[in-house]
1. What's the local net charge at SER211, with K and R +1, D and E -1, over the other residues with C-beta under 13 Å away?
2. What net charge do the residues around GLU79 carry, taking every other residue with its C-beta under 13 Å from that of GLU79, with Lys and Arg at +1 and Asp and Glu at -1?
3. Pairs to check: LYS64/LYS183; LYS116/LYS239; LYS37/LYS183; LYS37/LYS64. Give those whose C-alpha atoms are more than 28 Å from each other in this structure.
4. Peptides 89-99, 164-174: what's the order by average Cβ count within 10 Å, highest mean first?
5. Among the GluC sites (Glu not before Pro) within segment 180-264, which fall in a DSSP loop and have no more than 14 other Cβ atoms within 10 Å of their own Cβ?
6. Listed highest first by mean packing, meaning other Cβ atoms within 10 Å per residue, what order do 156-163, 208-215 come in?
7. Compute the helix-to-body angle for 147-159: its Cα long axis versus the longest principal axis of the chain, expressed 0 to 90° and rounded to tens.
8. For the chain, just run the numbers: alpha carbon Rg, then divide by 2.2 N^0.38 Å, N being how many residues it has.
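Nothing in this text is a laboratory measurement; each read-out follows from the coordinates by a stated rule. Model, not experiment: these values are computed from the prediction. Ideal geometry is used to build each Cβ from the backbone, glycine not excepted, and the neighbour counts take in all protein chains shown.
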Amino acid sequence: MNYLQAILLGLLQAATEFFPVSSCGHLALAERLLGIKPELSFVIWAHLGTVFAICWVFHNDLLKIFRVAIAWKHSNGKEEDRARRIIITIAVATIITVFFGLIVRDYVERLFCYPKIICIMLICTGVILCMSHFIVKTKRSISSSRFVDGLVIGLFQSFALIPGISRSGNTIFAALLLGIDRKEAVEISFLVAMPAILGATFLEILENYNSFFHNMTLNLVGAVTAAFAGIVILNILIKIVIRKHLIWFAPYLFFIGIIGLFFF
């Protein structure tokens with residue numbers, strides 16, 4: 001892999017991680033179409049780049065969450081109560097995702113060998129985005145989030161373990177189904193994603209520690225590209241969700257999925 005390919009894959013990781021089109025599905029199909037199979041260390045560093053983007057965009061909420069987590073019993077006020085509810089939602093969703101992730105991990109990894117299944121799942125993601133367009137009642141703040149919110153979002157995030165199902169699309173759809181405000185639906189979607197992404201990345205690092213620092217220059221190029229592109233893309237996504245334009249991605253997913261079924 002050369003520097004141009006590292007930049008392109010970093011851009012692809014950022015775009016598909018944040019836009020609701022499935023990063024795993026696109027990377028798997030791109031590997032088959034372009035014949036480029038990045039080393040696992042590159043993929044790990046690219047994921048760390050997207051985590052940096054999430055931290056940058058939602059840094060205010062993250063700082064409040066950390067402050068409340070440290071001084072849980074001594075934090076009072078509306079902002080602190082909001083942070084506590086977000087923490088509970090993240091914790092419940094993460095437990096659900098880890099539970100299902102451990103159960104289906106080996107099975108899901110085998111699905112990457114079946115591009116037709118990935119294409120079908122991309123079409124399913126398109127259907128989910130179409131359904132999100134018709135959800136009207138989205139006025140509830142995450143300040144009023146409940147245990148059931150974390151449960152539902154966690155279940156939808158777990159379903160997105162299947163390659164081709166968009167994690168962001170699924171969790172935003174779940175939040176909208178629960179009546180959460182559109183802007184805050186994006187926020188809770190990616191705050192919930194952070195423990196899952198970091199946890200999966202940490203496991204990969206432990207299992208592949210010896211290769212983690214291979215080709216560091218290319219890895220850092222991919223990570224930095226994913227980070228800065230991710231910041232831009234995540235801000236664009238917030239505007240897209242607020243304006244109810246998630247459905248714009250559906251025709252693209254239908255096209256890629258249907259063409260892929262014939263091509264593969």
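1. -3
2. Charge balance in the 13 Å sphere: +3.
3. On the way: LYS64/LYS183 18 Å; LYS116/LYS239 32 Å; LYS37/LYS183 35 Å; LYS37/LYS64 39 Å.
Violating the 28 Å Cα-Cα cut-off are LYS116/LYS239; LYS37/LYS183; LYS37/LYS64.
4. The densest-packed peptide leads the list: 164-174, 89-99.
5. Working: sites: GLU184, GLU187, GLU204, GLU207; in loops: none.
Answer by residue number: there is no such site.
6. Top to bottom by mean Cβ count within 10 Å: 156-163, 208-215.
7. 0
8. Working: Rg = 18.0 Å, N = 264, 2.2 N^0.38 = 18.3 Å.
The value comes to 0.98.
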